[in-house]
Amino acid sequence: MKTGYTHMRCGLIGEHLGHSFSKIIHEKIADYSYDLVELELNEVECFVKSKQLDAFNVTIPYKKTVIPFLDGISDEAKRIGAVNTVVRRKDGLLYGYNTDYFGFSSMIDALGIDIKGKKAVILGSGGASLTVNAVLVDRGVREIVTVSRGGENNYENISKHFDADVIINATPIGMYPNNGKRLIDLDNFKNCKAVLDLIYNPANTALLLDAERLGIPHINGLFMLVSQAVKAFEFFTGDSAEDGIIDKISRQIEFDTKNIILVGMPASGKTTVGRLIAKELGRQFVDADEAFEQMHSVSPKDAILTLGEDEFRRMESITLSSICKESSLVIATGGGAVTRKCNYDTLRQNGTVIFLRRDLSLLCTENRPISQSRDLSELFAERRPYYESFSHLSIDSTEIPQKTAELIIEKTRSRIEEQNYGGKK
Ligand code: NAP
C-alpha cells in the first residue's frame with residue numbers, strides 16, 4: 001500500500017453504492033480516506049463543485065452527468081463520453097478522466113488473448129459498452145457488433161453473429177442478486193475463442209460458467225475494476241502505483257469474497273470443519289441443512305421421510321440457490337447436493353468447492369435416512385464422480401478438524417494465487 005496520503009479525502013459518487021467494492025480496493029492501494037457518497041441527480045452539481053473531496057470516482061448513473069460541471073476532460077473521456085475519475089488540480093480546476101478504458105484494456109491483457117483482426121460482439125449499448133468499443137477499435141478488432149434490445153442488431157436476429165470470435169457482456173444481466181440469468185446461448189457461437197464479462201459479482205455469471213463448460217477462455221470484471229481504481233489512484237496523487245498491485249489486490253479480493261463450499265459424504269465433517277474455517281477467517285458459517293429448515297419450515301430428515309427424496313432435492317436446490325449467490329461465506333452442503341446437475345452452477349458461481357474425503361468406516365449414519373437406507377460403499381461409489389466433478393479441490397479430512405480447516409484455507413488461497421486469470425485451474 002502507498003503511504004503518505006493521509007491528508008487526502010477521496011471517494012466515489014453514484015446513486016446506489018451498497019454493493020460497491022471500491023472502498024475496499026482503494027484502501028488496499030493507498031492510505032487516503034475513501035468515502036462512498038450516494039447522491040440524487042439534483043445533488044450532483046452542488047457536490048462536484050463543493051470541496052468536500054479532493055478527488056473522486058464517479059459511477060452509474062452519473063458518468064455523463066458530471067461532465068458539464070468540470071473545467072476540462074481527457075481525450076479518452078471525450079471520446080467515450082463518460083468520466084469516472086475527477087481530480088481537483090493545484091490551480092483549483094476540476095479535471096475528468098476515464099480510467100475504465102485502462103481497466104478494460106488490462107482485462108484483455110490478463111486474459112492473454114490477441115483480438116486483432118477478430119470479430120467481437122458487445123452485449124449492451126450503455127456507458128461500459130462505449131468504453132469497450134473504444135478499446136476494441138484501438139486494438140485493431142476487424143468487426144465490432146453492438147447488440148442492443150432496441151437496435152439494428154438485437155437478441156432476435158443475433159444468429160447473424162454466431163460467427164463472433166469474442167463476446168463481451170457489458171450489461172447488468174447475471175449480476176447479483178439476479179444470478180443465473182444470461183442473454184445468449186453460448187453453444188451457438190461455434191467460433192467463440194474468448195468471453196469477457198464486466199460483471200464481478202458473482203465471480204462467475206451464467207455466461208462465464210457456460211464458457212468454462214465449453215472450454216472457452218474467460219474472465220470476469222474484477223481485474224477491470226481493480227485496474228481502473230489503480231489508474232484513478234495515479235490521477236488522484238500524481239504518483240505511480242506499486243508493481244504488481246493490480247494482480248495482488250484482485251487475488252486478495254477474490255479470496256475474501258468467494259465462498260468456501262464443502263461437499264462430501266454425510267458425516268464426513270463438513271459442519272465441524274466448516275465452522276472452524278469460518279472462525280479462522282472471521283466469516284459467517286452456513287449449514288445448508290439448517291438453512292433448508294429455516295426456509296421450508298421442515299427438517300431435511302422429515303422432508304425426505306414425508307415428501308420423498310425427489311421433492312427434498314428440489315427444495316434443497318432452492319435453498320442452495322439462495323445461499324450460494326451471497327459472498328464471503330463458508331457453506332457446508334448436504335451429502336447428496338451434488339446429485340442434482342443444476343446445483344453445479346449454483347455452487348460454482350461464487351465459490352471454491354472442496355470435496356472433503358473421509359474413510360467410509362468413520363461415517364456415522366445416525367439420524368441420516370439416506371445413509372441408513374443404503375449400503376454406504378454403494379452410495380459413495382454412486383456419488384464419488386459427482387463430488388469429484390463439482391469440486392475444485394479434494395482434501396482428506398484428518399482426525400484433527402482444526403488441521404483440516406487450516407489445510408483447506410491454505411489450499412484455497414494457493415489455488416487463487418496460482419491461477420491464471422481467464423484460465424481454469
Ligand atoms: P448502463 O449504462 O446501465 O448500460 C447497461 C446496458 O445494458 C444498457 O444500455 C442496456 O443496453 C443493457 N441492458 C440493461 N438492462 C437490460 C436487460 N434487462 N436486458 C438486456 N439488456 C439490458 O450500465 P454500464 O455502466 O454500461 O454497465 C454495464 C455493466 O458493466 C454493469 O453490470 C456494470 O456493473 C459493469 N461494469 C463493470 C465495470 C468493471 O470495472 N468491472 C466497469 C463498468 C461497468 P440496451 O438498451 O442497448 O439493450
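FYI, it's all coordinate maths here, none of it is from the lab. Fair warning: this is a prediction, and the values are worked out from it, not measured in the lab. We place every Cβ from the backbone using ideal geometry, glycine too, and count neighbours over all the protein chains shown.
Farthest towards the positive end of the charge dipole of segment 181-232, among the residues 229, 207, 196, is the Cα of 229, using unit charges on the Cβ of Lys, Arg, Asp and Glu. Could you tell me which of rounded, prolate or oblate describes segment 129-232, using a ≥ b ≥ c as the square roots of the eigenvalues of the alpha-carbon gyration tensor, with rounded for a/c under 1.5 and, failing that, prolate when a/b is larger than b/c and oblate otherwise? Since a/c stays below 1.5, the shape of segment 129-232 is classed as rounded.
For the peptides 247-257, 379-389, the ranking by mean Cβ contacts within 10 Å, running from highest to lowest, is 247-257, 379-389. Straight-line reach from residue 119: taking Cα to Cα under 15 Å and skipping same-chain neighbours fewer than 8 places apart, the aspartates and glutamates in range are 138, 143, 163, 165. Dimensions of segment 237-288 based on its C-alpha atoms, expressed as ranges along the principal axes with the largest first, amount to 56, 18, 15 Å.
Peptides 163-176, 2-15 ranked from most to least packed by the mean count of surrounding Cβ atoms within 10 Å: 163-176, 2-15. Panel order for 37, 195, by other beta carbons found within 10 Å of each beta carbon, from fewest to most: 37, 195. Once you sort the root eigenvalues of the Cα gyration tensor of segment 47-121 as a ≥ b ≥ c, which label holds: rounded (a/c under 1.5), prolate (a/b larger than b/c) or oblate (the other case)? Prolate, since a/c reaches 1.5 and a/b exceeds b/c.
Compared with the dominant Cα axis of the chain, that is its longest principal axis, helix 309-324 is turned about 30°. When +1 charges are put on Lys and Arg Cβ atoms and -1 charges on Asp and Glu Cβ atoms, the dipole computed for the chain relative to its Cα centre reaches about 520 debye. Counting beta carbons within 10 Å around each of 100, 75 and listing the fewest first gives the order 75, 100. When only the Cβ of Lys, Arg, Asp and Glu is charged (+1, +1, -1, -1), the dipole of segment 28-180 relative to its Cα centre reaches about 260 debye. Take each peptide in 402-409, 224-231, 184-191, count the other Cβ atoms within 10 Å of every residue, and average; sorted highest first, the result is 224-231, 402-409, 184-191.
When each of 271, 85, 306 is scored by the number of other beta-carbon atoms lying within 10 Å, the sequence from fewest to most is 306, 271, 85. The residues packed around residue 253, meaning those with a beta-carbon under 12 Å from its beta-carbon, carry a net charge of +1 if Lys and Arg are +1 and Asp and Glu are -1. Classify segment 26-80 from the C-alpha gyration tensor, please: rounded if a/c falls under 1.5, else prolate or oblate depending on whether a/b exceeds b/c. In terms of gyration-tensor shape, oblate. Between residue 419 and residue 384, the contour length at 0.36 nm per residue exceeds the Cα-Cα span by 10.1 nm.
The residues packed around residue 30, meaning those with a beta-carbon under 9 Å from its beta-carbon, carry a net charge of -1 if Lys and Arg are +1 and Asp and Glu are -1.
If one computes the Cα centroid of segment 1-61 and of segment 153-211, what distance in Å separates the two points? One Cα centre to the other: 31 Å.
With angles folded into 0 to 90 degrees, how steeply does helix 376-390 sit against the dominant principal axis of the chain? Use alpha carbons for both and round to 10. On a 0 to 90 degree scale, this one is about 10.
The convex hull defined by the C-alpha atoms of the chain has an orientation-averaged projected area of 22.7 nm². Among 245, 400, 25, the largest mean-square fluctuation in a Gaussian network model of the chain (Cα springs under 10 Å) belongs to 400.
Listed by chain and number, the lysines whose C-alpha is less than 21 Å from the C-alpha of residue 411, apart from same-chain residues fewer than 8 away, are 248, 258, 270, 279, 403, 424, 425. A crude spin-label estimate for the pair residue 38 and residue 52, with each label 7 Å from Cα along the Cβ direction, gives 1.3 nm. Residue 277: net charge of surrounding residues, Cβ under 13 Å, Lys/Arg +1, Asp/Glu -1, itself excluded? It works out to a net charge of +4. Extension gain, residue 143 to residue 272, is 41.0 nm, computed as 0.36 nm per intervening residue step minus the present C-alpha separation.
Evaluated with a Cβ-only charge set (Lys, Arg +1; Asp, Glu -1), segment 198-323 carries a dipole of roughly 100 debye about its Cα centre, given to the nearest 20.
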